[in-house]
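Participant: Let me begin by handing over the structure; questions about it come next.
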Amino acid sequence: MNRSLLFVALALLLWGLGEGMFFNFIPIYLDQQFLLSKVEIGWVLGAFGFSMAVTHIPAGRLADRIGRRPLLIVAWVLGLVSALIMGLASALPLFLIGLFGYGLTAFVSSPLSSYVTAARGEWPVGTVLSLTTATFALGMVLGPVTGGWVGDHYGMQRSFLIAAAIFVVSNVFILLIEHQPIDRHDPGAPPPDLMSNQRFMVLMGVLAFAIFAMYLSQPLTPNFLTSVRGLSLSETGVIFTAGALGNTLMAMLFSRLPPRRGFLVAQALVILFAFLIWKGASLPIFMLGYFLLGGFRAGRPMVMAQARELVHDSQMGVTYGVMETISAVIFILTPPLAGILFERDAMLVYPLSIILIVISIAISYFFSPRKVSHA
């Protein structure tokens, strides 16, 4: 394995551990610590999605022009500072500064994906992206159960501080990765602009609807489990850990599937998640639901692998940036809608999501690219 890929993997493993300690608990923390309503939580999560969205395309363009390593380092440092701010915040405004600062670190996705794609050697694109996802998710396996236990015994605020300490070590590993040469296209024969790339634009439409359909049932499920199903923080931590384990195993399994087929299977697994949360009544059933939700995260590299084969090497960063922006825009719009639906009927979002995903599977089957190389 490329030495830098090993350091990226170790950095992601630790980052997943730290993020897992607090990330899924944020809706609950906003409810219990700052007494926000479900609609208000939905708006906060939507604003968090906005903070994720605004930097993806600029970061992708910068990665193509100045290199990926500097952007990875900036994102890692910003994440550390943001977690520390959240851990020290006793008032909502300061906490939101840390939260939205953490959202900005999402710009790391496109340069990270570009970096590991360029460093993959002979590995297929889908494989290296899936294994990167799996490494991060593996770190998250221990994070939620640890964060839930810390929250029950010492308060959730302590989880942010412990996560920040873990992020320090993760930063050390990301500083050790090597610089990569910048890909250039032939000035006399530039590749087609992405907006003129019809197959790519169709795939982006497929992605947008699929992400919306799959994500709708997710933002307020932590609140559903605690306020409707009556679970403790420790119990929800166990559920989130099952989800992280599902993320890891699904990413590893999906790395061996053709990207187009893998994306279809990923959506089907999210249907099962929504159904089990909706109809389930016990901890093991909720754990199984979150385990199957691993299909949502595993589906991401499947689409990225399809898109990678439709663009030039010199467009790789901005391509991934466009895809991450689409996802982030969905993350802006969906949580407020989920909050409104929750206030009307806490159960409503799950059957609605199932219907939308069924439609999305049909759209994906008929409109995703059918002839994509896996090399």
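The values are calculated or read from the model by the stated rules, or taken from the named source; none is laboratory data. Being a predicted model, the structure only gives us computed values, none of them experimental. As a convention, Cβ positions derive from the backbone with ideal geometry for all residues, glycine included, and neighbour counts pool all protein chains shown. These accessible areas exclude ligands, DNA and RNA; they are computed on the full protein's heavy atoms, side chains included. Shrake-Rupley method; radii C 1.70, N 1.55, O 1.52, S 1.80 Å.
Participant: Limited to the stretch 25-35, what total is found for residues that are surrounded by fewer than 19 Cβ atoms within 10 Å (Cβ to Cβ) and in contact (Cβ under 8 Å) with a residue 24 or more places away in the chain?
Facilitator: 3
Participant: For residues that are closer than 30 Å to P335 by Cα and either open to solvent by 30 Å² or more (accessible area, probe 1.4 Å) or without any contact (Cβ under 8 Å) to a residue 60 or more places away in the chain (or both), tally how many sit in the stretch 1-24. Break it down into steps so the answer makes sense when it comes.
Facilitator: Looking only at the stretch 1-24, we keep the residues that are closer than 30 Å to P335 by Cα, and these are 11-24.
This time we only want the ones that are either open to solvent by 30 Å² or more (accessible area, probe 1.4 Å) or without any contact (Cβ under 8 Å) to a residue 60 or more places away in the chain (or both), so: 13-14, 17, 23-24.
Result for the stretch 1-24: 5.
Table: residues versus (1) aliphatic (A, V, I, L, M); (2) more than 21 Å from G103 (Cβ to Cβ).
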{"position": "L264", "(1), (2)": "yes, yes"}
{"position": "Y290", "(1), (2)": "no, yes"}
{"position": "G295", "(1), (2)": "no, yes"}
{"position": "A298", "(1), (2)": "yes, yes"}
{"position": "M304", "(1), (2)": "yes, no"}
{"position": "H312", "(1), (2)": "no, yes"}
{"position": "S327", "(1), (2)": "no, no"}
{"position": "E343", "(1), (2)": "no, yes"}
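Participant: Can you say whether Q180 is in a loop (DSSP other than H, G, I, E, B), open to solvent by 10 Å² or more (accessible area, probe 1.4 Å) and not basic (K, R), as far as the supplied structure shows?
Facilitator: Judged against the criteria, Q180 is a match.
Participant: List the number of the failed condition for F367; all other conditions in (1) out of contact with any helix residue (DSSP H, G or I) (no Cβ under 8 Å at 6 or more places or on another chain); (2) within 29 Å of T55 (Cα to Cα); (3) among the aromatic types (F, W, Y) hold.
Facilitator: For F367, the failing item is (1).
Participant: Quick one: which residue in I41, I28, I57 is in a helix (DSSP H, G or I), β-branched (V, I, T) and in contact with a Leu (Cβ under 6 Å, 6 or more places away or on another chain)?
Facilitator: Unique residue meeting the criteria: I41.
Participant: Every residue in the stretch 137-175 that is of a type in the set (A, V, I, L, M) and under 24 Å from P301 (Cβ atoms), please.
Facilitator: Residues satisfying the conditions are A137, L138, M140, V141, L142, I174.
Participant: Ok, one more. List the helices (runs of 4 or more DSSP H) that sit entirely inside the stretch 244-340 and contain at least 2 residues that are of a type in the set (F, W, Y), surrounded by 19 or more Cβ atoms within 10 Å (Cβ to Cβ) and under 18 Å from the mean Cα position of the chain (by Cα).
Facilitator: Because the criterion is at least 2 residues that are of a type in the set (F, W, Y), surrounded by 19 or more Cβ atoms within 10 Å (Cβ to Cβ) and under 18 Å from the mean Cα position of the chain (by Cα), the helices (runs of 4 or more DSSP H) in the stretch 244-340 that meet it are 259-279, 283-292.
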